[in-house]
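So the structure is just underneath, and the comments pick up after that.
The values are calculated or read from the model by the stated rules, or taken from the named source; none is laboratory data. Computed from a predicted structure; not experimentally measured. Here Cβ is always computed from backbone atoms with ideal geometry, including for glycine, and neighbour counts include all displayed protein chains.
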Amino acid sequence: MGNSLVPLSPSKRFSARAALVDLQEQSRGLLTECFRQFGIDTVPMTSEKAARLATEKFEACVIRVGSHAAPVLESARKSRSNSRMVIYGLGGTLTDAMKLSPYGINAVFNEPLERPAALKLVRATQMLVLHEFRRYVRIPVITEVSVLAGQKRFSASSHDLSSGGMSLKSEEEVSPGTPVEVSFALLTLPRIWIRGSVSWYKPASQTFGVRFDPHDERRLRIKEWVDSYLES
């Protein structure tokens, strides 16, 4: 029931637009249904026509992960209108998605695209697309994170970020309570190191959470970045 799509009422008004770039017809149709359920209109386009992202306002963009995506996203991020739009990748590997992290990629739809998973991701991020920030405390963002736990250093990928902590994915096992220091860079935020501790670990999904040390003054830089992201 929770994954079913409900029809929009005739009076439903769209308050945001999502560009669908270089998507196949089946993927376009499924994502259009998912976004429309939350009042988000979709505009299909090819990467050749994606210059619209530099001149028109879009609240979100879904683009197939690959080498062609970088110039499209770079152009969008340099525009005043779309410098903070939510960016979804479609397909590709985590390594491919990491290559787009300089452009602030927020989340990735896995392929083959399945309705329940797609709807779950749109539901989880729709508040950010619709600028309903009072109800959205974490910013979905994918970037490479360096983790130092004792004498062990390993890489992880971020899932989301708040001023108080972040969730990550890694093949390394970590235990709750483990002191760590994490390093990462974000769109408009140069690389930063900050202390914290592992707050939870889920072996099945290879994900874990890090709570930032409230006494680490570098946390203020992250808070400033989060506040600026939400206010822009």
Positions within the range 188-206 being exposed (fewer than 12 other Cβ atoms within 10 Å of the Cβ) and under 19 Å from L100 (Cβ atoms), in sequence order: P190, R191
Give L31, L73 a once-over and let me know the one that is under 26 Å from K120 (Cβ atoms), part of a helix (DSSP H, G or I) and touching a Ser or Thr at 6+ places or on another chain (Cβ under 7 Å). L31
So which residues in the range 15-39 are in contact (Cβ under 8 Å) with a residue 24 or more places away in the chain and more than 25 Å from P71 (Cβ to Cβ)? S15, Q26, L30, E33, C34, R36, Q37, F38, G39
Taking the condition small (G, A, S) and surrounded by 19 or more Cβ atoms within 10 Å (Cβ to Cβ), does A117 pass? no
With the condition kept exactly as written, say whether any residue in the range 46-57 is crowded, with 18+ Cβ neighbours inside 10 Å, in contact (Cβ under 8 Å) with a residue 12 or more places away in the chain, part of a strand (DSSP E or B) and in the same structural domain as L128 (by TED's automatic domain parsing). no
From the list E48, E25, pick out the single residue that is of a type outside the set (A, V, I, L, M) and within 17 Å of F109 (Cβ to Cβ). E25
Single residue of S205, S183, S199 found to be in contact with a Ser or Thr (Cβ under 7 Å, 6 or more places away or on another chain) and farther than 23 Å from H131 by Cα: S183
How many residues does the range 166-187 hold that are out of contact with any Lys or Arg (no Cβ under 8 Å at 6 or more places or on another chain), in a loop (DSSP other than H, G, I, E, B) and crowded, with 17+ Cβ neighbours inside 10 Å? 2
Mind listing whichever residues of the range 1-40 are touching a Leu at 6+ places or on another chain (Cβ under 9 Å), of a type in the set (S, T, N, Q) and either modelled with pLDDT under 90 or farther than 19 Å from G89 by Cβ (or both)? N3, S4, S15, Q37
